[in-house]
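The values are calculated or read from the model by the stated rules, or taken from the named source; none is laboratory data. Because the structure is a prediction, the values reported are computed rather than measured. Here the Cβ positions follow ideal geometry from the backbone for every residue, glycine too, while neighbour counts run over all protein chains shown.
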Amino acid sequence: MRHLGFALNISALGLFFPGILLPMFSLNMELIAAVGKAAIDSPLVSKELSIMAAVQELWQDDRLLVSALIFFFSVVIPLLKALIVSVAYFQPNVQRERRLVGFVSNIGKWSMADVFVVAVFLAVLSTNHAETSATHELIVFGFRMAIEVSTQTLSMVGQGFYFFLAYCLVSLAGTHLYCLGAHRRAHEQGTSPDSI
């Protein structure tokens, strides 16, 4: 079980990097002005953001706390967890391995925070097909013209979301299996759980 858990954690890293570097979502906003049957449309916003691009953009917009939280929970904690599992795997001392596994179990409680951060991030931007519309009347040389001004917003989940979701699931399964295997190994070698 230790070997399978370790292999899953390493495999999860293969999903992690595309998950934070590929676009997590795309956002398109368009302005449409219609006079009678004629219409003019102009894109207002068109962007694709990955987790790392969002962190950078938030940092540049002086939203330092939000940027730091997303970076910490979505990048630092996952990398730290993978590093500790790797160190524990190659640790010949069973007691030290159990301590490391205990630490991974403790930070594992925070492992769903990265999913939560991304879910909130996407929920804020999930304005799929949101439309606003306003009609204004323009009088030019005594002629009345009705102008309808509307915006349309479309947001979509990108490839990065699916890679990051897969990373979270594989990593959770791998860490769980590794912890079970490490506890079993310690039990077989006669290390009591209270000796940590």
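Sort out which residues of the range 59-73 are part of a helix (DSSP H, G or I) and either at pLDDT below 85 or surrounded by fewer than 19 Cβ atoms within 10 Å (Cβ to Cβ) (or both), and write them in order of number.
Across the range 59-73, the qualifying residues are 59, 60, 64, 65, 66, 67, 68, 69, 70, 72, 73.
Could you say which residue among 81, 47 is outside any helix (DSSP H, G or I), surrounded by 12 or more Cβ atoms within 10 Å (Cβ to Cβ), within 17 Å of the chain's Cα centre (by Cα) and not polar (S, T, N, Q)?
Checking each option against the conditions leaves just 47.
Given the conditions (1) part of a helix (DSSP H, G or I); (2) at pLDDT 85 or above; (3) over 13 Å from the mean Cα position of the chain (by Cα); (4) not small (Gly, Ala, Ser), report the number of the one that residue 3 does not fulfil.
(2)
Taking the conditions exactly as written (at pLDDT below 70 and either under 28 Å from the mean Cα position of the chain (by Cα) or not in a helix (DSSP H, G or I) (or both)), does residue 160 satisfy them or not?
no
Give the range 13-30 a look and list any residue that's surrounded by 15 or more Cβ atoms within 10 Å (Cβ to Cβ) and over 18 Å from residue 71 (Cα atoms), or say none.
Scanning the range 13-30 gives 26, 27, 28, 29, 30.
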